[in-house]
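Just below is one structure, and these are the notes that go with it.
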């Protein structure tokens with residue numbers, strides 16, 4: 001009976017340790033926020049404001065006062081020049097016509113996600129100062145009516161670019177592209193009223209464990225050591 005009891009205890013503690021280890025590793029794999037700006041009190045100094053006379057509205061969102069398409073407006077996050085694998089969460093208010101540059105080196109080179117208030121969303125590759133053909137175009141997106149507010153999550157991992165609308169679990173459109181391996185996130189505006197807010201960039205490649213992760217793993221290891229010592233004393 002004593003041997004059977006010890007066997008049950010051993011199995012229970014082993015399963016507990018595996019669970020603690022799994023939870024700890026899951027926490028380690030979580031993304032790290034590299035940049036966040038809600039534009040309250042003005043734009044973060046990291047914004048380049050290179051083209052388009054960008055400013056903050058009275059409501060606390062980011063807008064270009066000189067929107068253009070042929071020579072696009074462009075404001076990048078200067079402190080993150082070599083983004084490779086990352087996620088971008090961003091709110092787009094009063095949807096009209098604009099987008100987001102990804103892995104860009106300037107307004108003349110990079111991948112761009114384009115949003116249109118006619119319910120269309122697609123990708124462009126910009127090279128040599130020219131817009132390429134539309135890629136992955138999706139029509140009739142109900143959430144993208146004129147003047148609507150939408151929340152985007154864009155994930156860039158390897159050669160795959162994916163965008164999710166309003167917390168959806170399925171991507172509304174994806175792009176596979178080998179041309180660009182790293183660069184800036186930047187904003188593009190081709191309207192006089194569409195704005196951007198709550199910009200968050202998270203890194204998938206180099207997550208940093210939280211202190212609670214170490215505590216959780218340490219507790220599991222300590223419990224296992226204590227159990228082993230007691231088991232030896234009772235044997």
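The values are calculated or read from the model by the stated rules, or taken from the named source; none is laboratory data. Note that the structure is a prediction, hence the values are computed from the model and not measured. Backbone-built Cβ (ideal geometry, glycine too); neighbour counts: all protein chains shown.
Evaluation of residue 142 against the conditions (1) surrounded by fewer than 19 Cβ atoms within 10 Å (Cβ to Cβ); (2) touching a strand residue (DSSP E or B) at 6+ places or on another chain (Cβ under 9 Å) shows that the sole unmet condition is (2). Restricting the range 189-214 to residues that are modelled with pLDDT of 95 or more and more than 13 Å from the chain's Cα centre (by Cα) leaves a set whose member that is farthest from residue 47 (Cα to Cα) is 194. Kindly evaluate residue 55 against the criterion of being assigned by TED's automatic domain parsing to the domain that holds residue 187, closer than 13 Å to residue 195 by Cβ and crowded, with 21+ Cβ neighbours inside 10 Å. No. Could you tell me whether the range 58-72 includes any residue that is closer than 23 Å to residue 162 by Cα, surrounded by 17 or more Cβ atoms within 10 Å (Cβ to Cβ) and touching a strand residue (DSSP E or B) at 6+ places or on another chain (Cβ under 9 Å)? Yes: the range 58-72 contains one or more residues that are closer than 23 Å to residue 162 by Cα, surrounded by 17 or more Cβ atoms within 10 Å (Cβ to Cβ) and touching a strand residue (DSSP E or B) at 6+ places or on another chain (Cβ under 9 Å). Filtered by the rule that a residue be part of a strand (DSSP E or B) and closer than 13 Å to residue 121 by Cβ, the range 154-183 gives 154, 161, 162, 163, 164, 165, 173, 174, 175. Just to be sure before I move on: is residue 157 closer than 25 Å to residue 37 by Cβ, touching a strand residue (DSSP E or B) at 6+ places or on another chain (Cβ under 9 Å), at pLDDT 95 or above and loosely packed, with under 14 Cβ neighbours inside 10 Å in the structure I sent? Yes.
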